[in-house]
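The values are calculated or read from the model by the stated rules, or taken from the named source; none is laboratory data. Model, not experiment: these values are computed from the prediction. Cβ: placed from backbone, ideal geometry, glycine included. Neighbour counts: every protein chain shown. Accessible surface is based on the protein model in full, side chains and every heavy atom, while ligands, DNA and RNA are left aside. Shrake-Rupley method; radii C 1.70, N 1.55, O 1.52, S 1.80 Å.
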Amino acid sequence: MSNYTTVTQFLLMGFSELRQLQILYSFLLFLIYSAGLMGNLLIVMITTFDRRLHMPMYFFLRNLSMVDACYLSITVPQASVNALVNNRIISGTGCAAQVFLVIFLAYVEFTLLTVMARDRYVAICHPLHYPVIMSPRVCMQMTLTCLLTGLMYAAFHTGYTFRLSFCHSNVVHQFFCDIPSLLRISCSDTFNNKLSLLASALVVGAGCYGFITASYVGIFSTVLKFPVKEDQKKAFSTCIPHITVVSLFIFSTCFVYLQPPSESASLEGIILSVFYTVIPPFLNPIIYSLRNKQIKDAITILMKRIISLSNKV
């Protein structure tokens, strides 16, 4: 142990060693980030300023879009800059901050999607009691609960990870700092870390997934009893975007973390990580914009106002 050197900074993996490809990847990441950020901020603006969208469903959608904008901003800009300037170094403090924020935002996103399933269930299955059950105060309490429990969840796993010693290597086999990659390069015993991470992920993941599934079982059983087909279609149309987003988030995360662990750097592994860190927050505003008529109408009105103002100027 006396020959070990404590790691104070880490080296992130790049998408390529070729300079031309590094610049190409940097440009592509910047385009994805810009489009995702603008899409999510557009949803935030529309649901804030359009009074017709001041309902619980769009309150949670606004919060989800803010989380997605932050989620993209934690990893993508730095990866884009790193590829552009060919500098992959990140400090120990910066790595810890990135781990904390990624876990926190992923947790909040998943729990918000769970709360949104509850909102749809109450709206469709108990419409007369909807204003009482999903009052503004209740919506705020649910959101704060997601945030506060997310802070505790992220703080625990970040602190538990960085109490370990990193002395075998400082190369993180990922384009951002994440716990599985850090555990692989730790020279400490990581069994308890892996066990706590797996147990907590199963509890949170299975709990949220079970709640979402139960909510939609109740929703579908209620909707199928509607006598008018048009009412069924309208009810399903409000659920399809949420189901799509939930499926995208869950399956992309499982697809990455159920892969066999590898001790060596792999471009395939890095690209797979894009599927749960970049693609879901990038596609969420597109999915909601395409599948939700009220969002589409609000965007159309906003675009007309912008064009009208530009013509006057």
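Which whole-number value in Å² is the accessible area per residue of the chain, probe 1.4 Å?
I get 53 Å² per residue for the chain.
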Query - the chain: angle of helix 293-312 to the longest principal axis, Cα-based, in degrees nearest 10 - result: 90 degrees
Report task. Output ³J(HN,Hα) for the stretch 79-92: one whole-Hz value per residue in order, computed from phi by the Karplus curve 6.51 cos²θ - 1.76 cosθ + 1.60 with θ = phi - 60°, and x for Gly and Pro. Result -> 4, 5, 5, 4, 5, 6, 9, 6, 10, 10, 7, 9, 5, x
Report task. For VAL171, list long-range residues whose amide hydrogen, built 1.01 Å from N in the peptide plane, is under 5 Å from its own amide hydrogen. Result -> LEU11
Report task. Binning at 5 Å from 0, report for the stretch 143-201 what percent of all alpha-carbon pair distances ends up in each bin. Result -> 4, 18, 26, 23, 15, 8, 4, 2, 0
Query - In order through the stretch 226-239: 3J(HN,Hα) via Karplus (6.51 cos²θ - 1.76 cosθ + 1.60), integer Hz, x for Gly, Pro - result: 5, x, 9, 4, 5, 5, 4, 5, 5, 5, 5, 5, 7, 9
Report task. State, to one decimal in nm², a quarter of the convex hull surface area for the C-alpha atoms of the stretch 109-162, i.e. the direction-averaged projected area. Result -> 3.8 nm²
Report summary line: Residue by residue through the stretch 279-289, the couplings from Karplus 6.51 cos²θ - 1.76 cosθ + 1.60 with θ = phi - 60°, in Hz, x for Gly and Pro, are 5, x, x, 6, 8, 3, x, 5, 4, 5, 5
Query raised in the report: Stokes-Einstein D for the stretch 193-257 at 4 °C, 1.567 mPa s, Kirkwood Rh over Cα pairs, in µm²/s?
Result: 94 µm²/s
Requested in this report: Over the chain, with every protein chain in place, what whole percent of the accessible area is carbon and sulfur at 1.4 Å, could you tell me?
Outcome: 69 percent
Report summary line: The size of the Cβ-based charge dipole (Lys, Arg +1; Asp, Glu -1) of the chain about the Cα centre, to the nearest 20 debye, is 1100 debye
Query - Under-29-angstrom lysine pairs by C-alpha in the chain, whenever the two are 8 or more apart or on separate chains - result: 17
Requested in this report: May I ask you to give the average projected area over all directions of the convex hull of the Cα atoms of the stretch 11-141, in nm² rounded to one decimal?
Outcome: 9.6 nm²
Query - Counting all C-alpha pairs of the stretch 82-239, share separated by more than 19 Å (%) - result: 64 percent
Report summary line: Burial-style ranking of 158-164, 55-61, average other-beta-carbon count within 10 Å with highest first, yields 55-61, 158-164
Query raised in the report: For the chain, what does -39500 (n - 2.57) per DSSP helix run (n ≥ 4), summed and divided by total residues, give at 222 nm, in deg cm²/dmol to the nearest 500?
Result: -26500 deg cm²/dmol
Requested in this report: Above 22 angstrom, tally the Cα pairs of the stretch 1-85 and express them as a % of all pairs, no decimals.
Outcome: 49 percent
Requested in this report: Mind giving me the FRET efficiency for SER237 and ASN87? R0 is 41 Å, r the Cβ-Cβ distance, nearest 0.05 is fine.
Outcome: 0.30
